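Structure, as structure tokens:
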Amino acid sequence: MDENKIPKDHQEPTQNSEDALSSIDDSVLKNNDDLKFQSRLDLSELQQNVEKIKQEIGKVIVGQKDMVDMLIASLLAKGHSLIEGVPGVAKTITAKLLAKSLSVDFSRIQFTPDLMPSDILGTSVFNLKDSEFEFKKGPIFSNMILIDEINRAPAKTQAALFEVMEEQQITIDGNKFKLDSPFMVLATQNPIEQEGTYRLPEAQLDRFLFKIDVNYPNLDEEIEILSREHELKDKVKTDEAVSFLTAKQISEYQNLVSQVIVEAHLLKYIAQLIVATRSNQFLYLGASPRASIAILKSSKAFAAMSGRDFVTPEDIKRAAIPVLHHRVIVTPEREMEGISSKQIIKQIIETVEIPR
């Protein structure tokens with residue numbers, strides 16, 4: 001047998017065979033294009049408007065991207081947020097800018113030690129003309145509520161928010177009053193000042209979806225803040241923000257977020273994180289089922305903001321710390337050692353196996 005002779009089965013491809021291979025490759029590529037992942041939910045409009053909100057807030061606020069992201073996620077997840085930081089780090093103005101970018105009713109309530117529950121909820125007033133009691137609604141009857149320095153009011157005033165934050169209704173004199181959607185409470189507090197303040201009860205803290213810690217800006221951000229303030233002259237900062245998102249649109253986006261898909265193994269992952277807080281030796285109080293629901297809702301919001309209609313483990317990990325660190329209590333011994341709830345939650349996240 002001639003060794004140089006190539007068997008028919010192993011001959012070089014002819015021009016016709018090359019054309020055939022080329023057509024097959026083109027066909028495969030075309031099929032691959034057809035098989036590309038298509039989002040089951042149309043989140044493009046939601047994403048665009050989220051970016052618009054960020055741009056409106058960014059006209060005034062420098063940095064603080066995490067705080068802005070969490071405030072938007074809280075809105076989409078139908079949750080409330082507690083913003084904690086030292087005075088002057090733009091807690092209140094960021095909340096006001098978020099409200100101004102939305103075409104919804106807005107109320108601001110300054111909490112003080114002499115504030116009464118009726119000052120928030122409203123009260124029944126006797127109408128001499130009709131000889132009947134008439135209910136006068138308080139500032140809580142709005143879509144977005146900014147509570148400034150929430151820890152300055154006594155416990156009975158803070159307790160007035162329990163029902164409205166959880167059930168979006170209030171009960172006065174045996175009558176129930178439902179609040180309009182969307183409804184969101186943004187509260188601020190100063191962690192440093194202790195005189196004239198009242199610690200928020202655990203039941204109150206548990207009603208906040210997120211506790212957002214606001215840090216100082218870095219050097220570049222501080223310079224940018226000064227430059228903007230210098231250029232501002234006599235203008236009012238918040239005047240630049242434009243309202244563009246209606247209450248109806250917000251409700252539609254909240255409905256979309258609730259439809260984001262979460263696989264069964266990710267539900268198990270959330271449950272494992274929560275259960276791990278209850279058995280951790282460094283925690284005196286673990287997280288409740290409300291915390292697991294909060295992680296579920298907020299991870300859906302983070303996924304939707306990223307343009308995905310499905311939740312990933314990264315969304316859950318991103319939501320875990322702001323959802324959990326105000327709901328757990330560190331043991332006194334560890335607290336004296338300077339160990340924070342954030343550090344313990346980070347350790348739990350690293351310990352629990354991520355589903356693949």
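The values are calculated or read from the model by the stated rules, or taken from the named source; none is laboratory data. Since we're looking at a predicted model, the values are computed, not measured. Cβ coordinates were reconstructed from backbone atoms using ideal geometry, including for glycine residues, and neighbour counts include every protein chain displayed. Note: areas computed on protein heavy atoms with side chains; ligands, DNA, RNA excluded. Shrake-Rupley method; radii C 1.70, N 1.55, O 1.52, S 1.80 Å.
If you go through region 102-122 and keep only what is of a type in the set (S, T, N, Q) and in contact with a strand residue (DSSP E or B) (Cβ under 6 Å, 6 or more places away or on another chain), you end up with Ser103, Ser107, Gln110. Considering the conditions (1) under 30 Å from Glu51 (Cβ atoms); (2) over 21 Å from the mean Cα position of the chain (by Cα), Val323 is excluded by exactly one of them, (2). From the list Ser103, Ser118, the one residue that fits, being among the small types (Gly, Ala, Ser), more than 21 Å from Leu46 (Cβ to Cβ) and surrounded by fewer than 19 Cβ atoms within 10 Å (Cβ to Cβ), is Ser118.
Output the residue which, of all residues in region 322-337 that are farther than 23 Å from Asp66 by Cβ and assigned to a loop (DSSP other than H, G, I, E, B), is least open to solvent (accessible area, probe 1.4 Å). First the steps, then the outcome.
The initial filter retains those residues of region 322-337 that are farther than 23 Å from Asp66 by Cβ, namely 329, 331-337.
With assigned to a loop (DSSP other than H, G, I, E, B) added as a condition, the list becomes 331, 337.
Working: Thr331: 19, Glu337: 114 Å².
This residue is Thr331.
Checking each residue in region 230-239 for being open to solvent by less than 90 Å² (accessible area, probe 1.4 Å) and at pLDDT 70 or above picks out only Leu232. The helices (runs of 4 or more DSSP H) falling completely within region 226-320 that include 1 or more residues that are of a type outside the set (Asp, Glu) and over 21 Å from the mean Cα position of the chain (by Cα) map to 264-278.
For region 200-226, the set of residues classified as out of contact with any His (no Cβ under 9 Å at 6 or more places or on another chain), open to solvent by less than 30 Å² (accessible area, probe 1.4 Å) and closer than 24 Å to Phe302 by Cβ consists of Ile212, Val214, listed by residue number. Taken over region 289-321, the residue count meeting the criterion of being open to solvent by 40 Å² or more (accessible area, probe 1.4 Å), in contact (Cβ under 8 Å) with a residue 60 or more places away in the chain and under 30 Å from Met336 (Cα atoms) is 1.
This table checks each residue for (1) open to solvent by 20 Å² or more (accessible area, probe 1.4 Å); (2) at pLDDT 85 or above.
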position	(1), (2)
Glu132	yes, no
Pro139	yes, yes
Asn151	no, yes
Met165	no, yes
Phe177	yes, yes
